[in-house]
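The values are calculated or read from the model by the stated rules, or taken from the named source; none is laboratory data. In this text the structure is predicted, and so the values were computed from the model without any measurement. Because the Cβ atoms are built from the backbone with ideal geometry, glycine has one as well, and the counts that use them run over all protein chains shown. Remember, those area values only see protein heavy atoms, side chains included, never the ligands or the DNA or RNA. Shrake-Rupley method; radii C 1.70, N 1.55, O 1.52, S 1.80 Å.
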Amino acid sequence: MSAAWQIWRDRRGRLSWLRVVALALLLAPLAKALIDWQAIAHGARPINDLIHRTGFWALVFLGVTLAVTPLRRIGRFGALVDVRRMIGVGCFCYIAAHLALYIADQGFDLGKVAYEITHRVYLIIGGIAWLGLAALAVTSTDGMARRLGPLRWRRLHQAVYAIALLALVHYFQQTKADVTVPVFAAGLFGWLIAYRLLAWWQDTTELSALGLLGLTIVVAALTFAGEAIGIAIAYNVSPMRVLGVAFNVDAGLRPGWQVLGAGLAVVLLDVVRARWNGRRSRNRAVAAE
Ligand code: HEM
């Protein structure tokens, strides 16, 4: 097998455990679909089930791609950058399958597919996001990065934030009743984008633990507010009543709490890694004395 296809090896041709884990994560939804195959095949709409699965996992991997930068900085784990491209391309593979399944669901009638994608708002939005992801996947190779030059390549790849926003809108628009997961996803994407905005505003690549805590609290509060306002508009009820339910733990853990939990886990990671690094450099200094 050509070396270029051996994606579990690093640039020097050595087996990379990080790449193996990333590859396993990327293949896990496929494996789950194969395990669930009987249930999917006997379900009401097997192809629609697969459309939902591929769309959902494409969004998850898009989020993971965006999480690489904060995680490698906060976790002091620079090697993570090595798998970002692999996860991004994996995201595109799922989204390519998502569109292929949609075409199959329309009986391979390409005229109908083109009509639907240009006339239904949620499909127009999904279609634009799809084209954006395709542009990022095509330009993700070393050769394309060289041809475009670092500045133009970076500018083009910054489109990922707009693509994520469009993908979330597409997700919300086709969600019928329970918005818990889409709101949680929106909160997490909001955190990832707010992290970059705050770092840019403070002109730093390393936010303090206090900065991360503040960011988490603000994004979690916005998630609570966003969910309450959205449900209030959709069902014509008072947003305060919806907020009241959010604070009633018997009604389940609302997305605002989930975003708060995820953000606090990141703050904890920052604190632990800072202490660990501090102890290691103290030990090194003692050993050198
Ligand atoms: C031309 C492009 C696209 C088409 C034709 C398309 C089509 C669809 C369709 C038909 C559904 C199911 C709707 C229903 O059953 O009512 C769906 C759901 C979904 N799509 Fe797309 N989509 C496109 C692009 C995208 C992109 C770029 C993303 C994200 C990266 C995405 C993420 C999702 C998600 C997350 C769902 C819902 C999954 C769930 O229910 O868990 N789609 N899409």
Item to check | Contact order normalised by residue count of segment 130-220, Cα under 8 Å, 6+ apart, percent | outcome: 21
Checklist entry - For segment 130-169, what is the largest minus smallest coordinate of the Cα atoms on each principal axis, given in angstrom and ordered from greatest to least? => result 33, 16, 10
Checklist entry - Restricting attention to the alpha-carbon atoms of segment 96-240, what are Rg (one decimal) and Dmax (integer), both in Å? => result 18.9, 55
Next on the checklist: Rg over Rh of segment 35-185, using C-alpha atoms and the Kirkwood radius, what does it come to?
Outcome noted: 1.00
Checklist outcome for this item: In segment 1-114, taking the dipole from +1 charges on Lys and Arg beta carbons and -1 charges on Asp and Glu beta carbons about the Cα centre, the listed residue (Cys91, Gly78, Val21) farthest towards the positive end is Gly78
Checklist outcome for this item: Computed over segment 1-101, the Cα gyration tensor eigenvalues, each multiplied by 5 and square-rooted, give semi-axes in Å (largest first) of 29, 16, 11
Next on the checklist: Report D for segment 155-236 in µm² per second (integer): Stokes-Einstein, Kirkwood Rh on Cα pairs, 4 °C, 1.567 mPa s.
Outcome noted: 92
Item to check | Accessible surface of the chain, 1.4 Å probe, proportion on carbon and sulfur as whole % | outcome: 68
Checklist entry - Tell me, what is the per residue accessible area of segment 2-74 in Å², probe radius 1.4 Å? => result 62
Item to check | About the Cα centre, charge dipole magnitude for the chain (Lys/Arg +1, Asp/Glu -1 at Cβ), debye | outcome: 1240
Checklist entry - With a ≥ b ≥ c the root eigenvalues of the C-alpha gyration tensor of the chain, is it rounded (a/c under 1.5), prolate (a/b larger than b/c) or oblate? => result oblate
Checklist entry - In debye to the nearest 20, how big a dipole does segment 14-72 give about its Cα centre with +1 on each Lys and Arg Cβ and -1 on each Asp and Glu Cβ? => result 260
Checklist entry - Using the heavy atoms of the protein chains alone and a 1.4 angstrom probe, what is the accessible area of segment 102-204 per residue in square angstrom? => result 60
Checklist entry - Taking springs between alpha-carbon atoms closer than 10 angstrom, which of Pro70, Pro239, Pro150 fluctuates most in the Gaussian network model of the chain? => result Pro150
